[in-house]
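Since the structure comes first, as structure tokens, the remarks are kept for the end.
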Amino acid sequence: MSRPIAEAHLPRTAFDGLGTLRTRYGSGPLIVAAALPFLFLHRNYQPSISVGSIDADLSDLAVLMVVVAALASWSRQRLVSSLPVWEGWGALALLVVCSTAWGALRFSAYPAGTHAVTAAKWLEYMLLAPALCLLVRSGRELVPAAVVLVAWSCLATLVGVLQFFGAVGDLDHTPAGRRKPSFLGDHDFAALSAAVLLIGLLIVARGSRSRSERVLALAAIGAGSIGMVLGGPLDALLGIYLGTAALVLLTRVRDARRLIAIIGVILAVTAGVAVIRSSALADGLKFLGIGHGTGGASSHIQSYRQRALLAYIGGRIFIAHPLLGVGWEGSTDPYAFEPYLAAAHKRFNQPAAAFPSSTHRWGVQNAYVQSLADMGVLGLIAFLAALLLPALAAARRGVGDARIAGVALPLLMVGVWNGYGLVAGIPIAALTWLSVGAAGVSLIEGRTPST
């Protein structure tokens, strides 16, 4: 994105167009771009193959395609150039392996086979970060991925709008007029929309360099804003605050009109999310003692009450196992959470279905608390390091638009993971490691002599 997005004439045929794009960007960036629609698609809409406890979706094939292409483009120099990015990333990957082994050795009820498969899929998605650095050398080569991501977000938002007005069904089977998942899921839809919104705001902050960039920015801001409102999770809203603050600081916006436009977009998105989540927000305020009544807490599962009780159980698990936790994904198993159910029932006024059980393995639903519960104090340190060290390295040593994306996107994910547990193989996971990869790309570009 450090050069105008589209300067060439339109191709005569699709094959001519592909050849033109390959000449302009190279094969690696196009492979990454081609994989994105499959990575940002709910598994219910993908064909899958099951062999025992192992499930392989179309998104797994997309990850494999990217990783194999990256291996074919192996460059030790690129990985060394982006070395600061891999310190936290490597620590987390190693800890996931060790935690899985620890759970199997320490707890007899730990389902080692099931969680080993989940750990493998988590590590599989983590490979997207170094793969991006091997396939993409500069911010300019991230352009195809950015364009595809914006186009896919536009389609997702269109589907979300149709779901909102009841024209098409959705995964959650909720009535029209409520938050909608599009073809991703609520949190994943909001995270994709937030990332695309940041792309649009980045162009606004530094100024567009061509008509094509202006069109891309408008599409990104429109689809991203509406998608965030329709998805509605407040964790993505926290992430967009962090990401926007980073890109404003890094681009050093001096034009008051641009700054006002950025602030206006963020305020509009905030207001929209507040409206669509008004009921949940009202219940949350009652839970905190602000407002009257309970909102039917004893008979209806309320989002923030349930999240609080799940975090409470996760916290109790961590306190009992502070050093090494209960094993990767162990907090979702009865052996880990059952000792604390009685105390949770006394503290939280929610129906029985809101509490974890062998039937409803809700998990902790907060990646930071789950990191503590599953992997101990080192788990939280490693998870935060995997997100924050790349952002810090990009801010200090990166260059170009990749630098801004490499800071803003990981910070976005810091907010997003507040509303989701450590679930493998989901769009949020793909976005996380692609964001980390973008930070690596900014370091590579910074050490590559300009030609």
Being among the hydrophobic types (A, V, I, L, M, F, W, C), at pLDDT 95 or above, part of a helix (DSSP H, G or I) and more than 22 Å from LEU378 (Cβ to Cβ) narrows it down to one of TRP89, TRP152, TRP122, TRP102, so name that one.
TRP152
Checked segment 136-150 for anything over 12 Å from SER193 (Cα atoms) and either within 19 Å of the chain's Cα centre (by Cα) or basic (Lys, Arg) (or both); matches are ARG137, ARG140, LEU142, ALA145, ALA146, VAL147, VAL148
Of all helices (runs of 4 or more DSSP H) fully inside segment 329-422, the set with 3 or more residues that are surrounded by fewer than 21 Cβ atoms within 10 Å (Cβ to Cβ) is 341-347, 367-397
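Yes/no per residue for (1) part of a loop (DSSP other than H, G, I, E, B); (2) surrounded by fewer than 24 Cβ atoms within 10 Å (Cβ to Cβ):
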{"residue": "ARG178", "(1), (2)": "yes, yes"}
{"residue": "ILE199", "(1), (2)": "no, no"}
{"residue": "LEU218", "(1), (2)": "no, yes"}
{"residue": "LEU247", "(1), (2)": "no, no"}
{"residue": "ARG257", "(1), (2)": "no, yes"}
{"residue": "ILE260", "(1), (2)": "no, yes"}
{"residue": "ALA268", "(1), (2)": "no, yes"}
{"residue": "GLY272", "(1), (2)": "no, yes"}
Just for segment 57-86: of the residues that are among the charged types (D, E, K, R) and in a helix (DSSP H, G or I), which one is nearest to SER371 (Cα to Cα)?
ASP60
Among all residue pairs at least 6 apart or on different chains, which show Cβ distances below 8 Å where the first residue, located in segment 319-345, is closer than 17 Å to TYR110 by Cα and free of Cβ contacts under 8 Å to residues at least 24 places away in the same chain and the second is in a helix (DSSP H, G or I) and among the aliphatic types (A, V, I, L, M)?
PRO339/ALA320
Per the list (1) at pLDDT below 90; (2) within 14 Å of GLY227 (Cα to Cα), residue check on HIS173 breaks on (2)
Any idea which of (1) surrounded by 15 or more Cβ atoms within 10 Å (Cβ to Cβ); (2) farther than 30 Å from LEU218 by Cβ; (3) modelled with pLDDT under 95; (4) not basic (Lys, Arg) is the one ILE276 doesn't satisfy?
(2)
For segment 151-167, which positions are surrounded by fewer than 24 Cβ atoms within 10 Å (Cβ to Cβ) and under 19 Å from the mean Cα position of the chain (by Cα)?
ALA151, TRP152, CYS154, LEU155
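The values are calculated or read from the model by the stated rules, or taken from the named source; none is laboratory data. None of these values were measured; they are calculated from a predicted model. Reconstructed Cβ throughout: ideal geometry from the backbone, glycine too, with neighbour counts over all protein chains shown.
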